[in-house]
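Heads up: the structure comes next, in C-alpha cells.
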Amino acid sequence: MPYQENKDFYILLKKIDFCFEKGLPFSIYRKPSEDHVKGIFQSNDQLHTTIDFRERGFVFAPFVLDSNAVLITADEVNTVSFEAESQPTSDKLVPSDLGKDIHLNLVKKGIDKIGKGVLKKVVLSRKVDVKHSRKATDIFRSLLESYPNAFCYLFFHPAVGIWCGATPETLLAIKGKQLKTMSLAATLPFEEGVRPNWGSKEIEEQEMVSSYIEERLSKNLKRLDIGTAKAIKAGGLWHLKSEIKGVLSEDSSVEEIISTLHPTPAICGIPMDAAKDFILANENYSRSFYTGFLGELNLNEGKEAHLFVNLRCMELTEGNASIFVGGGITSASNPENEWTETQNKSKTMLKVL
C-alpha cells in the first residue's frame, strides 16, 4: 500500500507497538465495508469488566459469559483512513489432518444426541495450533486487506493476551430504540463464477436459527422483521444470512438483549442450555473468547452498541497461533462433511499467517 496515502494508519501501528512494549490495553478494528480504522486505547493496565454494558469503551467477552466481559476503557480514541490493496487468494493451502478422528467422534456424539431428541442443533468446534513468525500488526494489516466485508480486529490486554480475527457475523447493533441483528448459518466453499447450491441441511439450519432468534427476542421488542435469507460471501466461504430489524420495548436494556441473544444458535445450538452443556462436557478444550463477542459500547451520545460474534479468529502467543473453527451439527449432518467445513474455515486465518 502507498505509504503517503496510509500515513496516519502507519502512525497508528507505531502506537500499537508502543502499547505492546508498555503492556497497555487496546483494540484496533475496522467495521465491514468501511474505509477507516478505529483504535480504542486505555491509559493503564488495569483489568476492567463490564457491569451492565452502560460503560464506554470496547468490550471483549468470552463464550461463557459470567460477569467477565473485559472492557477497554476509551481513554483515547483514534480514527484513521485506510485504503486496502487487493490481496491474491491462495487455493493451495492444505490444512493438516491432525485431530481428524477426534473431531469426527465429537460430531458423531452430537448427531447421536440430536437423534435422542435432546438437541435440535449443536455447534461443535476444535482448536488448531500453528507456528508462525509474523508480527501481530502485520497479521492485522493482512486481515484488513484480505477481508474487506468482515469485522477485522486486533485486541490486546496484558491480563488476557493477543487476539485477532475477521468475523462475518453481527451479534447486535443498537442505537436508541432501533435494533439490528442477523441470522447467519450454513457454509459452502466459494468457487469463482459458481453460485452456491444449498441443500436441505443448510436451508434447515438457517431457518432454525432465524426462528429461534425470533422466539428469543419477541418479549424484548415492539416490532420484529426478518428478511429473506440471502447468500453472502465471507472470505473463501458462502453463508446464508437474514437481516433482522426491530424496535426495543421501553424497558429493554442492552444488557438484557445481550443475555437474550448470547450465545446464539449459530455458535452454540438449540435449545441453548442443553447445547451449551454438551459443548462444555465434550469439546475437551476451552473456547475462551472464541464464539464470545466484541465491539463498541456507547462511544457516542446515547444508548449505543455495535457488537460482533468472535468467529474466524485466533489467539497469538510467542511463535504460535491458536485458530478456532467449528460448524453447526443437525440431524442431516455428515461427519466427513463437517470435518471438511472446519478445514475450509481454518483457511481464513491460515492464509494471513
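With a 1.4 Å probe and all protein chains left in place, how much of the accessible area of region 17-89 comes from carbon and sulfur atoms, in whole percent? Answer for region 17-89: carbon and sulfur cover 44 percent of the accessible area. Across region 248-353, C-alpha contacts under 8 Å between residues 6 or more apart give a mean separation that, scaled by the residue count, equals a relative contact order of 18 percent.
Taking region 206-309 as the region of interest, the number of lysine pairs whose Cα atoms are within less than 17 Å, with members eight or more places apart or on different chains, is 6. Reported value for region 229-291: 141 Å³ per residue, from the convex hull of its C-alpha atoms. Solvent exposure of Val130, expressed as accessible area, is near 30 Å², computed with a probe of 1.4 Å over the protein chains only.
The alpha-carbon of Lys201 sits under 19 angstrom from the alpha-carbons of these aspartates and glutamates, leaving out residues fewer than 8 places away in its chain: Asp112, Glu336, Glu338, Glu341. Just the number, please: Stokes-Einstein D of region 192-328 in µm²/s, Kirkwood Rh from C-alpha pairs, 37 °C, 0.692 mPa s. Translational diffusion coefficient: 191 µm²/s.
Hey, any idea what % of region 130-242's accessible area is carbon plus sulfur with a 1.4 Å probe? Here it works out to 49 percent. I need the Debye-formula profile for region 1-128: one equal scatterer per C-alpha, no solvent, reported as log10 I(q)/I(0) at q = 0.09 1/Å, two decimals. Here the Debye-derived log intensity ratios amount to -0.50. Take every Cα pair under 8 Å whose residues are at least 6 apart in sequence, average their separation, divide by the length of the chain, and the relative contact order is 25 percent.
Mean separation of Cα pairs under 8 Å and 6+ residues apart, divided by the residue count of region 1-144: what relative contact order is that in percent? Normalised by residue count, the contact order of region 1-144 is 21 percent. Note on Lys38: lysines with a C-alpha under 16 Å away, same-chain residues under 8 apart excluded, are Lys7, Lys14, Lys15. If you count Lys pairs in region 107-195 whose Cα atoms are under 17 Å apart, skipping same-chain pairs closer than 8 places in sequence, the total is 6. Given the chain, what whole percent of its Cα pairs are spread farther than 30 Å? Value for the chain: 34 percent of Cα pairs lie more than 30 Å apart. Solvent-accessible area per residue in the chain equals 45 Å², computed with a 1.4 angstrom probe and all protein chains kept.
For region 22-27, the Karplus equation 6.51 cos²θ - 1.76 cosθ + 1.60, evaluated at θ = phi - 60°, returns couplings of 8, x, 9, x, 7, 9 Hz by residue, with Gly and Pro reported as x.
Label separation (Asn282 vs Asn105): 1.3 nm, computed from points 7 Å beyond Cα along the C-beta direction.
Dividing the C-alpha radius of gyration of region 119-173 by 2.2 N^0.38 Å, with N its residue count, gives 1.41. For Ala159, put the label point 7 Å out on the Cα→Cβ axis and report which residues of region 22-40 keep their amide N under 16 Å from it. What the label zone holds, given the 16 Å backbone N cut-off, is 23-27. On region 303-353, 44 percent of the accessible area sits on carbon and sulfur atoms, based on a 1.4 Å probe.
Considering helices alone, the calculated mean residue ellipticity of the chain at 222 nm is -8500 deg cm²/dmol, with DSSP H runs of length four and up weighted by -39500 (n - 2.57) and normalised per residue.
The values are calculated or read from the model by the stated rules, or taken from the named source; none is laboratory data. Treat the numbers as computed from the prediction; the structure is a model and nothing was measured. So basically every Cβ, Gly included, is an ideal-geometry build from the backbone, and we count neighbours across all protein chains shown. Just the protein is used for accessible areas: all its heavy atoms, side chains included, with ligands, DNA and RNA removed. Shrake-Rupley method; radii C 1.70, N 1.55, O 1.52, S 1.80 Å.
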